[in-house]
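Below is one structure, written out as structure tokens, with a few remarks after it.
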Amino acid sequence: MDGLRCVRAIMVAMVEADNPEAVLEWHRRKEHQENVLRQYWEALAGQAVAQDDMRYCGLLGEAWEAFNTVKNRNAAWMLEGNAEAARQGLKTGGRERFKAAMDIANEWMERRGEE
């Protein structure tokens, strides 16, 4: 879950950046963290053998992909210099989709802790 939060924090920092060089640096960090997260995700998916784990893994993947759509659109806007559109996208769709993914991840971890 820390990796998920890290990507979100990078996006918040990117939309608050006030110059193109800073936007590019945050974009580079975003891409790096997404690669780290992708490797972690692949390892996690490979270990999900219980039916409940496979279900949550799928739900989390769908929710994260929905967040990715907004996140990537916002990043593109920032790279194009359209910071206001990116800020609005982060406040609306980005926040909602990130929360949905975190809710699924938290529920999954709570259920795992009950076992």
Which one of the conditions (1) under 20 Å from N19 (Cα atoms); (2) at pLDDT below 95 does W77 fail to meet, given that it meets all the rest?
(2)
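Residues checked against (1) touching a helix residue (DSSP H, G or I) at 6+ places or on another chain (Cβ under 6 Å); (2) polar (S, T, N, Q); (3) without any contact (Cβ under 8 Å) to a residue 40 or more places away in the chain:
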position	(1), (2), (3)
M1	yes, no, no
A13	yes, no, yes
A22	no, no, yes
E34	no, no, yes
Could you please find all residues in segment 41-56 being touching a helix residue (DSSP H, G or I) at 6+ places or on another chain (Cβ under 7 Å) and without any contact (Cβ under 8 Å) to a residue 40 or more places away in the chain?
L44, A45, A48
Please verify whether E21 is open to solvent by 40 Å² or more (accessible area, probe 1.4 Å), among the charged types (D, E, K, R) and part of a helix (DSSP H, G or I), treating the condition exactly as stated.
yes
Could you count how many residues in segment 17-50 are within 18 Å of the chain's Cα centre (by Cα) and over 14 Å from A76 (Cα atoms)?
15
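The values are calculated or read from the model by the stated rules, or taken from the named source; none is laboratory data. Only a predicted model underlies this, so the values are computations on that prediction, with no experimental measurement involved. Methodologically, a virtual Cβ is constructed for each residue, glycine included, from the backbone with ideal geometry; neighbour enumeration extends over all protein chains shown. Ligands, DNA and RNA are stripped out before the accessible areas are found, and what is left, the full protein with its side chains, is counted by its heavy atoms. Shrake-Rupley method; radii C 1.70, N 1.55, O 1.52, S 1.80 Å.
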